[in-house]
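Participant: Sharing a structure with you now.
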Amino acid sequence: MKEILARYIPERAVDMAFDLIVKCNVHLKIVNNRVTRHGDYRKMPDGRHQITVNTSLNRYRFLITLIHEIAHLIAFEKYGRFIKPHGIEWKRVFQQLMLPYINPEVFPPKLLPVIANHFRNPKASSDTDEILSLALKQYDPESDKNYIFEIPLGSTFRLYNGRIFKRGNKKVKRYECVEISTGRIYLFNPNAEVELLH
């Protein structure tokens, strides 16, 4: 398992992450890319804890996602199944679990202040923190994808499923976009990754 982890997370994080996986009795599955999530946690019918993480994540996003999902497991075990999935209990556990990793041996120095700031009040997804999401994107392989907030007003873009939209104005936190084929308006997270058409 350590050899597998070493392919996906920073080298200096492998031993700590491995110990946490063993201690929590986690069955880790590394899965093909899912567009809607980076990872998830499930308690299986036989009582085992299963965590899945997307294989396509860069090593820093993979580590954050893995610890995010282990924090769900620990928060549910400690506080019960009826807490909010991303409520205060989960945030506290996530912060405590991430603290040993937030150092220059694990994360590049230019990422550290962004990560430290994010973990003052962690969000339900690293993607909902625009600053962290952009900072982490610097370590992704080259891609033809853009974030919604990066593309110009009035531009058209395509989603992973082929649907085409025109970018509208920002409404509070999300962007109003019109689906070309139906004329319906949808709200998009600023960090949704799309393919810019024109």
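The values are calculated or read from the model by the stated rules, or taken from the named source; none is laboratory data. As the structure is a prediction and not an experimental result, all values here were calculated from the model. No Cβ is skipped: glycine too gets one built from the backbone with ideal geometry, and neighbour counts run over all protein chains shown.
Participant: Quick one: is Pro108 at pLDDT 95 or above, more than 23 Å from Leu73 (Cβ to Cβ) and part of a helix (DSSP H, G or I)?
Facilitator: Values: at pLDDT 95 or above: yes; more than 23 Å from Leu73 (Cβ to Cβ): yes; part of a helix (DSSP H, G or I): no.
So Pro108 fails the test.
Participant: Which pairs do you get when a residue that is free of Cβ contacts under 8 Å to residues at least 60 places away in the same chain, found in segment 122-139, comes within reach of a residue that is of a type in the set (D, E, K, R) and part of a helix (DSSP H, G or I), reach meaning Cβ atoms under 8 angstrom, with the pair 6+ apart or on two chains?
Facilitator: Pro122/Lys91; Ser133/Asp127
Participant: Restricted to segment 16-64, and to residues that are surrounded by fewer than 19 Cβ atoms within 10 Å (Cβ to Cβ) and among the small types (Gly, Ala, Ser), which residue is modelled with the highest pLDDT?
Facilitator: Among those that are surrounded by fewer than 19 Cβ atoms within 10 Å (Cβ to Cβ) and among the small types (Gly, Ala, Ser), it is Ser56.
Participant: Criterion first (β-branched (Val, Ile, Thr), within 20 Å of Ala17 (Cα to Cα) and in a helix (DSSP H, G or I)) does Ile115 satisfy it?
Facilitator: On the way: β-branched (Val, Ile, Thr): yes; within 20 Å of Ala17 (Cα to Cα): yes; in a helix (DSSP H, G or I): yes.
In short, yes.
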